[in-house]
Amino acid sequence: MKIEIDNDAADDVVRASMLDLYESLKDERCKLKQRKEDLEHNKTLLAAVTTIIKHITAHHNLPKELK
C-alpha cells in the first residue's frame, strides 16, 4: 500500500511535530531551571540550619556528621 501526500502537507506535518518538540523541550528546560534554583535554596537553608544547630547544641551532643 502506498500513501501519497503533497509536499505542503508533508511540510505541515513536520512543522507541527517540530513545534510540539520545541514546546516540550522549552518546558523541560524551565522545569530543570526551577529545580536547580530549588536545589540552591535547599543548600543555603541546610547551611543555615547546620549553623544554628551547632550554635545551640553542645559539641558532644552533635551528630557525627556535624562535628
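The values are calculated or read from the model by the stated rules, or taken from the named source; none is laboratory data. Because the structure is predicted, anything quoted here is derived from the model rather than measured. Glycine gets a Cβ as well: all are built from the backbone with ideal geometry, and neighbour counts include every protein chain shown.
So, in the range 1-53, exactly how many residues are of a type in the set (Ser, Thr, Tyr) and closer than 25 Å to Glu65 by Cα?
Of all residues in the range 1-53, those of a type in the set (Ser, Thr, Tyr) come to 17, 22, 24, 44, 50-51.
Now narrow it down to the ones that are closer than 25 Å to Glu65 by Cα: 44, 50-51.
So the count comes out to 3.
Taking the range 41-63 as the range and being modelled with pLDDT of 95 or more and either in contact with a Ser or Thr (Cβ under 7 Å, 6 or more places away or on another chain) or of a type in the set (D, E, K, R) (or both) as the test, only Lys43 passes. Per the listing Leu66, Leu62, the residue uniquely touching a residue at least 12 places away in the same chain (Cβ under 8 Å) and surrounded by 10 or more Cβ atoms within 10 Å (Cβ to Cβ) is Leu66.
Taken across the range 7-29, residues that are in contact with a Leu (Cβ under 9 Å, 6 or more places away or on another chain) and surrounded by 10 or more Cβ atoms within 10 Å (Cβ to Cβ) do not occur at all.
Of all residues in the range 1-50, count the ones that are of a type in the set (A, V, I, L, M) and under 14 Å from the mean Cα position of the chain (by Cα).
Filtering the range 1-50 for residues of a type in the set (A, V, I, L, M) gives 1, 3, 5, 9-10, 13-14, 16, 18-19, 21, 25, 32, 39, 45-49.
Checking the rest, the ones that are also under 14 Å from the mean Cα position of the chain (by Cα) come to 25, 32, 39.
Residues meeting the conditions: 3.
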